[in-house]
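Enquirer: The structure under discussion is supplied below as structure tokens; questions concerning it will follow.
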Amino acid sequence: MHTTLKSLLIASMLSVLPIAGTLAAGAPSKDEVVAVVKKAVAYYQANGKDKALAEFNNKEGLFAKGEDYVDVHDINGTCVAHPISPAKVGLNRLDQSDSAGKFYVKDLVDAAKQKPSGWIEYVMKNPVSGKLQNKVAYWEVHDGLIFKAGTYTD
């Protein structure tokens with residue numbers, strides 16, 4: 001009986017550790033940001049546009065974990081997937097500025113027309129803390145879409 005109870009306790013502790021690690025980890029690293037964008041592009045390639053965009057729009061999906069999420073815009077600046085702010089989907093966001101007045105979606109689209117990947121910085125409300133913070137985001141272009149994820153830097 002004692003051995004069974006001890007085994008159950010150890011098993012339940014081990015099952016909680018991955019969750020605790022995720023919660024304690026906070027904002028993703030730059031390497032994790034790059035990895036999730038590459039994972040999103042691979043998912044898109046493997047599953048097709050419709051299934052991928054549905055997954056990218058899913059707030060509880062594979063590509064939405066607190067501060068770590070992927071959003072997607074077309075090459076003209078229209079948001080086609082955003083799991084944290086679904087009201088942005090379908091909107092052309094070229095004229096949207098951050099709280100510092102930077103037209104970051106326009107800057108993103110302009111850069112995406114020049115090269116296949118890169119980084120962009122802007123100020124955004126952190127969906128976890130609710131505070132305005134500096135954000136650095138990595139993006140890649142595939143099939144006329146810009147796949148982007150970021151991390152908050154302060």
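Enquirer: Kindly indicate whether any position in the stretch 104-116 is over 25 Å from Ala54 (Cα atoms), among the small types (Gly, Ala, Ser) and modelled with pLDDT of 95 or more.
Expert: yes
Enquirer: Oh, and also: Filter the stretch 123-137 for residues that are hydrophobic (A, V, I, L, M, F, W, C) and part of a strand (DSSP E or B); which is farthest from Val41 (Cα to Cα)? Give the derivation first.
Expert: First pass over the stretch 123-137, keeping only residues hydrophobic (A, V, I, L, M, F, W, C): 123-124, 128, 132, 136-137.
From what's left, part of a strand (DSSP E or B): 123-124, 132, 136-137.
Details: Val123: 25, Met124: 24, Leu132: 28, Val136: 19, Ala137: 15 Å.
So the residue we want is Leu132.
Enquirer: If you don't mind, there's one more thing I want to ask. Can you tell me which residues in the stretch 64-78 are more than 21 Å from Ala111 (Cα to Cα), free of Cβ contacts under 8 Å to residues at least 60 places away in the same chain and buried (at least 18 other Cβ atoms within 10 Å of the Cβ)?
Expert: Ala64
Enquirer: Among the residues of the stretch 127-153, write down those that are farther than 22 Å from Asn57 by Cβ and β-branched (Val, Ile, Thr).
Expert: Scanning the stretch 127-153 gives Val136, Thr153.
Every residue, every condition in (1) touching a residue at least 24 places away in the same chain (Cβ under 8 Å); (2) within 15 Å of the chain's Cα centre (by Cα); (3) surrounded by 15 or more Cβ atoms within 10 Å (Cβ to Cβ); (4) in a loop (DSSP other than H, G, I, E, B), yes or no:
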site: Tyr44; (1), (2), (3), (4): yes, yes, yes, no
site: Ala54; (1), (2), (3), (4): no, yes, no, no
site: Val80; (1), (2), (3), (4): yes, yes, yes, no
site: Pro83; (1), (2), (3), (4): yes, yes, yes, yes
site: Ala100; (1), (2), (3), (4): no, no, no, yes
site: Asp110; (1), (2), (3), (4): no, no, no, no
site: Gln114; (1), (2), (3), (4): no, no, no, yes
site: Trp139; (1), (2), (3), (4): yes, yes, yes, no
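Enquirer: In addition: Can you tell which of Lys135, Lys148 is surrounded by 16 or more Cβ atoms within 10 Å (Cβ to Cβ) and free of Cβ contacts under 8 Å to residues at least 24 places away in the same chain?
Expert: On the way: Lys148 fails: free of Cβ contacts under 8 Å to residues at least 24 places away in the same chain.
Just one listed residue meets the conditions, Lys135.
Enquirer: Scan the stretch 19-36 and give yes if some residue there is loosely packed, with under 10 Cβ neighbours inside 10 Å, β-branched (Val, Ile, Thr) and at pLDDT below 95, otherwise no.
Expert: Yes: one or more hits.
The values are calculated or read from the model by the stated rules, or taken from the named source; none is laboratory data. Source: prediction; values computed, not measured. In this analysis, Cβ positions are derived from the backbone assuming ideal geometry, glycine residues included, and neighbour counts consider all displayed protein chains.
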